[in-house]
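The values are calculated or read from the model by the stated rules, or taken from the named source; none is laboratory data. Predicted model, so just to flag it, every value in this text is computed and none were measured. No Cβ is skipped: glycine too gets one built from the backbone with ideal geometry, and neighbour counts run over all protein chains shown.
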Amino acid sequence: MKNYLPNTQCLIDCCFVLSLALLISTTVAAAEAPRVLPAGRLPNDCRLGKLKDLNGYFPFKPCSTPQAWTERCRRLRRQLRLAMGLWPMPTKTPANAVVHDKVDRDDYTVEKVFLESFPGHFVTGNLYRPKGRTGAGPGVLCPHGHWANGRFYDAGEEKVKQEIAAGAERFEVGGRYPIQARCVQLARMGCTVFHWDMVGYADSRQLPHGSSPREDMNTAENWGYGSPQAEARLQNPMGLQTYNSIRTLDWFSQLPEVDPKRIAVTGASGGGTQTFILCAIDTRPAVAFPAVMVSTAMQGGCTCENAPYLRVGTGNIEIAALISPRPLGMTAARDWTQEIMTKGLPELKQHYKMLGVEDLVMARAFLQFGHNYNSVSRQVMYHWLNKHLKLGLAEPIVEKDYLPLSKAEMSVWDDDHPKPPGGKDYERSLLKWITEDSQRQLVALLPRDPAGLKQYREVVGGAVDVMIGRRVPPPGAVKCISRKQQDAGSWQLSKLLLRYEAKGEELPAVLFEPKKWNKRLVIWIDKTGKQGLFDASGTPKPAIGKLLSAGTAVVGVDLLGQGEFTADGKPLAKASMNLGDKNRWAGKACYTYGYNYPLFSKRVHDILSVISFARDWCPAPEQIDLVGLAGAGHWVAAARAQADGLVNRAVIDTAGFRFANLAAIDAPDFLPGGAKYLDLPGILALSAPHPLCLTGEGDTPPPVVTAAYKAAGKPGNLVVKENPSEETVIEWLLR
């Protein structure tokens, strides 16, 4: 017996060498891996086409049942919150609101307000209060859009004359100061109204509006908005603006004269975006009226309206549907909203009808006017709020003339209330506070028991689920549409073309099948694609041979941007970016990743597709394992986290990779949010409790990974090896 086993192994190895020789002499050209497609032909993959951008078409397909919508609603709200850096929500600190300098009008008063959303970051605006009302009553929040100077907007005399002549306005004052006009009228209707500034407008001057890449703010520490470091942590202007809205709602709903169950939100253009975004992610507002913004066409042109992941797989119509079953009113004009009555409203009507509240959604289109929130549109809003805030006013409600506030009467800063510091140093300090607060929250999630692991999976796993955006495709979804087999004695090589028809994706792959199969299959992911399974002579490398000798099948694949996806076979050096409007879009992550998954995520999608193919292969494997070495471990870690337990064992060499170290948003592995959730170790921890051989992290695993395996009750399933050979990790894999 002592002599028999070595001789048997020797015989197996000899057979393998002969098989390789046969393969080399008959099927594989020297120094290259087998091609699946003819030379010069790329996979028929929709991802090789034009990227989607904000000017695309964004239809809404309503769910068929309330139960299906409940699940979709849960996932979509998480996606929106994550996109804007609000998953989990930042730690809420005292608002320290200051209300001062009352201006008295005949039937209402106006006061100046500033409050802190983050420590030292101020929301500024005006509070309109109706006279003669007692007790808590209705309230209306009024964000503004991209009108010059925002809250201080003055259309000018010539513009007003044109508006009156066109029937858009009734009074010179209302047309010249239309943003004030709606606040005055709502106060006269008995509503407490707060009108606040977008970041960078009127009194909110601590930061500029939006963000642009700035070399001096792109630093490894103390970065600013628009930098890769900020984007890697989902710190973006839209998130700041939305958080300002949430904190404004927090403060406003606690005013003694405001009934927190009778609050409406209304704004136009960019203020319309603020309206439906706030009401979509926060269920406290009772009524929403976003004007001239919600459509299946252009989704919002400013960085304050875009964020990575925000509209991947969705659009403004569906986001507005999150307001349901609460009342949703809209207006459209001769702009990107002009088709709302035939594209968007019918689907929203169907959606609201499915929920049993068909009459609670409405839109009116005034195509005789350009982009606006004019008197005609405001009139529709007044009636909507009168009905759904139960104001009880006789209709029609008609605006009256009013005495406008001067800039001095509106501005919150004066000698007694000096402007707070702003500028680049302030911006760095704000993002530092946000970073440290987020880090504290996530470190506190390190699991200590099964309950803690469940919470960790909900927060960090939920974030990864959004950033990757896909699980393993369902049975039968990924099919082999072409297979060419080559015999090599004790095993055979198959060239496969895998297709995920529902997504329009195609993957060239190779499959090594031992003729005496042990029902195990290893998916081997390499940084160069399937050619990484072969050595310089075109021979399957020794680690693959060791697996085949043990009777284990092996699959290799070209992920998007590798191998047959590129003209020269070399992996992409840069990810594709949207540059449709070079003046505004260049270097800004939100205009690409707000509508398209990052290349990193798409490569993980491909691995998940291969797992689906492997699961469905006939005869089905009893065990699927996953290997990612020498530059491929980060993709494998994310795929393992999304694989729903279908991967038994995984070998992951991180090579010390961290998302935080990437200094360009077009780096192939750039992942918005990748650094926020404890970086790659946070993803690795999601492998627990399944067996994991981890290399590339020295001799000690990251604390979060150790904690996750202990909390899962399987600390022994985590094995750490420092600088092992491929043969060593294969030995672990084959145990």
**Study point:** Complete set of residues in segment 385-403 that are closer than 13 Å to Q185 by Cβ and buried (at least 17 other Cβ atoms within 10 Å of the Cβ)
**Key:** L385, N386, L391, I397, E399, Y402
Check your understanding: Does segment 242-273 hold any residues that are out of contact with any Leu (no Cβ under 8 Å at 6 or more places or on another chain) and farther than 22 Å from H371 by Cα, and which are they?
Key -> N244, D250, S253, Q254, L255, P256, E257, V258, D259, P260, K261
Revision key, fill the gap. Counting only helices (runs of 4 or more DSSP H) entirely within segment 417-495, those with at least 3 residues that are surrounded by 15 or more Cβ atoms within 10 Å (Cβ to Cβ), at pLDDT below 95 and polar (S, T, N, Q) are none
Practice item. From the list L507, L511, pick out the single residue that is free of Cβ contacts under 8 Å to residues at least 60 places away in the same chain, surrounded by 20 or more Cβ atoms within 10 Å (Cβ to Cβ) and either in contact with a Cys (Cβ under 6 Å, 6 or more places away or on another chain) or in the same structural domain as G713 (by TED's automatic domain parsing) (or both). Key: L511
Point to revise | Checklist (1) surrounded by 15 or more Cβ atoms within 10 Å (Cβ to Cβ); (2) at pLDDT 95 or above; (3) over 30 Å from D401 (Cβ atoms); (4) out of contact with any Lys or Arg (no Cβ under 7 Å at 6 or more places or on another chain) applied to M89, failing item | key: (1)
Review point. Which one is nearest to L360 (Cα to Cα) among residues in segment 222-281 that are aromatic (F, W, Y) and part of a loop (DSSP other than H, G, I, E, B)?
Key: Y225
Check your understanding: Quick one: D669 ticks every box in (1) of a type outside the set (G, A, S); (2) in contact with a helix residue (DSSP H, G or I) (Cβ under 8 Å, 6 or more places away or on another chain); (3) crowded, with 22+ Cβ neighbours inside 10 Å bar one, so which box is it?
Key -> (3)
Review point. Taking segment 191-208 on its own, how many of its residues are surrounded by fewer than 19 Cβ atoms within 10 Å (Cβ to Cβ) and either within 26 Å of V99 (Cβ to Cβ) or not assigned by TED's automatic domain parsing to the domain that holds W251 (or both)?
Key: 2
Exercise for review: Kindly check whether there is at least one residue in segment 85-100 that is assigned to a helix (DSSP H, G or I), out of contact with any Leu (no Cβ under 7 Å at 6 or more places or on another chain) and either under 19 Å from C142 (Cα atoms) or not polar (S, T, N, Q) (or both).
Suggested key: no
Review point. Only one residue in G556, G532 is in a helix (DSSP H, G or I), within 19 Å of V610 (Cα to Cα) and either in the same structural domain as A614 (by TED's automatic domain parsing) or touching a helix residue (DSSP H, G or I) at 6+ places or on another chain (Cβ under 9 Å) (or both). Which one?
Key: G532
Exercise for review: Filter segment 45-66 down to the residues that are in contact with a Leu (Cβ under 9 Å, 6 or more places away or on another chain) and of a type outside the set (D, E, K, R), then identify the one that is surrounded by the fewest Cβ atoms within 10 Å (Cβ to Cβ).
Suggested key: P66
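Table: residues versus (1) β-branched (V, I, T); (2) in contact (Cβ under 8 Å) with a residue 40 or more places away in the chain; (3) over 16 Å from A655 (Cβ atoms).
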position	(1), (2), (3)
L694	no, yes, no
G698	no, no, no
P702	no, no, no
V705	yes, no, no
Y709	no, no, yes
K714	no, no, yes
E727	no, yes, yes
Review point. For segment 702-728, what are the residues that are out of contact with any Pro (no Cβ under 7 Å at 6 or more places or on another chain) and either among the polar types (S, T, N, Q) or surrounded by 21 or more Cβ atoms within 10 Å (Cβ to Cβ) (or both)?
Key: T706, N723, S725, T728
Check your understanding: Of these, I319, I323, I340, which one is in contact with a Ser or Thr (Cβ under 8 Å, 6 or more places away or on another chain), among the β-branched types (V, I, T) and crowded, with 20+ Cβ neighbours inside 10 Å?
Key -> I340
Check your understanding: When residues of segment 134-169 are filtered for being of a type in the set (S, T, N, Q) and crowded, with 24+ Cβ neighbours inside 10 Å, how many remain?
Key -> 0
Exercise for review: Check T296 against each of (1) farther than 27 Å from G85 by Cβ; (2) of a type in the set (S, T, Y); (3) under 24 Å from the mean Cα position of the chain (by Cα) and name the one condition it does not meet.
Suggested key: (1)
